[in-house]
Amino acid sequence: EHKAPLVFQATSMEKTVRETTGGAKSIGLFGSIMLLTNSLAGPVISLMPSLAHDAGWLSMLIVMVFLGVVSIGCSWMLLYAMRKYPGNAQLEVRVEFSDLSRHYFHAVLHAVAVASLLGYLALTLVSYIVQTAQVFDHASLGMFGCAYGVGVYPHFGGACGTDTKSDTPFGDDVVLPLSFLAIGMLCAPMAWVNLDDNVILQWIAVIGFFGLCALWCWCMASSPRFPHGADLPVSTTSVSSWWNLFGVSLFNFALAPTLPSWVNEKAPEVPAFPAIVTSLCIVIVLYTLIGIVGALAYDDWSHGNLFTKFSQSKSPLLQATVDIYPIIQNLTTIPVLSILIKYNLLQLGWTGPKASMALGFAVPWMLGLVFYKGNGFETVCEVGGLVFSSMVNFVIPGALFCMAYREHGDYARVASTDAASPSTDAWSPSTDAASP
């Protein structure tokens with residue numbers, strides 16, 4: 001029987017970390033749906049109308065459904081690899097994404113997988129920070145006539161952003177906006193606790209997100225310009241439009257980094273399949289709907305995104321939702337992403353709890369300063385989606401499945417056994433990790 005080489009052997013320190021890291025197995029079914037949905041429902045929703053406008057409504061629908069189906073398959077493969085991890089047939093051992101990489105991959109592949117995971121989490125965190133800071137600064141500009149910050153380049157010192165047509169009031173200047181400090185102070189307390197401690201915030205975020213999506217669609221559909229009509233194509237032959245649509249949409253199907261941590265803290269009786277499929281369906285429907293309705297309501301997407309349109313509208317209600325959205329969605333996800341970075345760094349044994357949390361906060365915040373200016377948010381989403389998200393959410397789960405299958409090679413037998421006597425988890429790839 002072939003055994004994948006265990007290049008990295010767990011030290012006694014790492015075993016101790018594994019036993020003490022994280023929260024209890026207490027997240028229920030609906031709490032799981034809220035957590036996964038909020039993890040999927042990222043800030044790229046503001047880019048969906050411009051993508052639909054450029055690529056066409058049918059192109060968007062095809063890409064969203066395709067990525068959703070592929071994401072379900074990749075989630076299954078990741079769960080299979082988790083169950084094949086030694087002693088984890090019933091998912092009773094805490095196994096993070098980095099643990100799977102260390103167990104199944106050689107040193108070089110393990111390094112690539114970990115770099116992709118941490119790079120993806122960091123860039124995703126940057127996208128949340130940047131979008132939230134931009135919204136806060138535009139709100140400050142609207143209320144006080146100025147967005148405040150500290151200029152770094154080309155001018156150093158106090159900065160007052162007044163640009164209403166750019167994604168950021170500071171234009172292309174490199175600035176440390178005060179909004180960054182506000183976001184850090186709001187998110188830090190929940191980032192220092194465990195994943196299961198954040199579930200109540202996920203409930204608030206998803207319910208609020210439903211309400212905002214309904215309100216946005218109603219307001220946009222009530223606009224005198226809706227629908228501006230024939231300008232929205234069915235599809236496009238532009239390679240760049242398809243490329244941008246595919247790359248940005250990948251950010252909406254980022255289950256793999258969250259999946260192991262959620263499995264480690266979900267209640268044993270919670271089935272994985274209904275929670276995952278329900279969450280993906282929610283995101284596909286809402287994001288496609290916002291993209292198509294938004295593209296029909298506005299016809300100029302050469303500058304700014306959906307939230308820029310709302311901020312510049314004459315509707316106080318729409319302007320208010322731009323400020324509300326990052327509070328109920330982004331600010332509840334930033335701590336979760338920091339916790340995922342912390343969990344994986346701890347499992348790797350590289351840092352202690354405080355250092356792991358500091359890295360999960362400090363590095364993304366510094367990157368956020370670089371990408372805050374101009375179209376930095378769109379750049380983060382495109383680069384992070386095409387490079388890191390594709391690796392972490394699609395390529396690596398498939399590779400982990402292949403290595404787990406190669407190590408055990410018993411799926412056909414297990415599938416027939418499961419069909420005869422299904423386990424508690426209706427989507428279990430296997431319940432016998434030790435069988436040859």
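The values are calculated or read from the model by the stated rules, or taken from the named source; none is laboratory data. Treat the numbers as computed from the prediction; the structure is a model and nothing was measured. Glycine also receives a Cβ, built like all others from the backbone with ideal geometry; neighbour counts cover every protein chain displayed. Ligands, DNA and RNA are stripped out before the accessible areas are found, and what is left, the full protein with its side chains, is counted by its heavy atoms. Shrake-Rupley method; radii C 1.70, N 1.55, O 1.52, S 1.80 Å.
Scanning the range 260-271 for residues that are of a type outside the set (Asp, Glu) and surrounded by fewer than 23 Cβ atoms within 10 Å (Cβ to Cβ) yields Ala267, Pro268, Val270, Pro271. Would you call Cys213 under 21 Å from Lys309 (Cα atoms), assigned to a helix (DSSP H, G or I) and more than 20 Å from the chain's Cα centre (by Cα)? When the stated conditions are applied, Cys213 does not pass them. Screening the range 86-135 for residues that are of a type in the set (Val, Ile, Thr) and surrounded by 21 or more Cβ atoms within 10 Å (Cβ to Cβ) and picking the one that is nearest to the chain's Cα centre (by Cα) gives Thr124. Report yes if some residue within the range 367-390 is at pLDDT 70 or above and of a type in the set (S, T, N, Q); otherwise report no. Within the range 367-390, one or more residues are at pLDDT 70 or above and of a type in the set (S, T, N, Q). Taken residue by residue, the range 32-40 has no member that is modelled with pLDDT of 90 or more, assigned to a helix (DSSP H, G or I), of a type in the set (Val, Ile, Thr) and open to solvent by 20 Å² or more (accessible area, probe 1.4 Å).
A single entry from Phe105, Phe97 fulfils the requirement of being closer than 27 Å to Leu201 by Cα and aromatic (Phe, Trp, Tyr): Phe97.
Against the definition (surrounded by 23 or more Cβ atoms within 10 Å (Cβ to Cβ), in contact (Cβ under 8 Å) with a residue 40 or more places away in the chain and in a helix (DSSP H, G or I)), how does Leu78 come out, yes or no? Here the answer is yes, as Leu78 does meet what is asked. With respect to being in contact (Cβ under 8 Å) with a residue 40 or more places away in the chain, within 25 Å of the chain's Cα centre (by Cα) and open to solvent by 20 Å² or more (accessible area, probe 1.4 Å), Arg83 falls outside the description.
Of everything in the range 32-70 that is within 14 Å of the chain's Cα centre (by Cα) and polar (S, T, N, Q), the residue that is nearest to Phe273 (Cα to Cα) is Thr37. Applying a threshold of 6 Å to beta carbon distances and a minimum spacing of six or more residues, or different chains, the list of pairs starting in the range 300-316 at a residue that is part of a loop (DSSP other than H, G, I, E, B) and modelled with pLDDT of 80 or more and ending at one that is open to solvent by less than 10 Å² (accessible area, probe 1.4 Å) and small (Gly, Ala, Ser) reads Asn305/Ser46.
Taking the stated definitions as given, is Thr288 under 30 Å from Ser71 (Cα atoms) and either hydrophobic (A, V, I, L, M, F, W, C) or touching a Ser or Thr at 6+ places or on another chain (Cβ under 7 Å) (or both)? No, not satisfied. State yes or no: is Leu67 closer than 14 Å to Val248 by Cα and either in contact (Cβ under 8 Å) with a residue 60 or more places away in the chain or touching a strand residue (DSSP E or B) at 6+ places or on another chain (Cβ under 6 Å) (or both)? Against the criterion (closer than 14 Å to Val248 by Cα and either in contact (Cβ under 8 Å) with a residue 60 or more places away in the chain or touching a strand residue (DSSP E or B) at 6+ places or on another chain (Cβ under 6 Å) (or both)), Leu67 qualifies. The combined condition, being under 27 Å from Ser313 (Cα atoms), outside any loop (DSSP other than H, G, I, E, B) and out of contact with any Lys or Arg (no Cβ under 7 Å at 6 or more places or on another chain), is fulfilled by Met220.
Candidates in the range 319-354 are the residues that are open to solvent by 50 Å² or more (accessible area, probe 1.4 Å) and among the aliphatic types (A, V, I, L, M); of these, the one that is modelled with the lowest pLDDT is Ile327.
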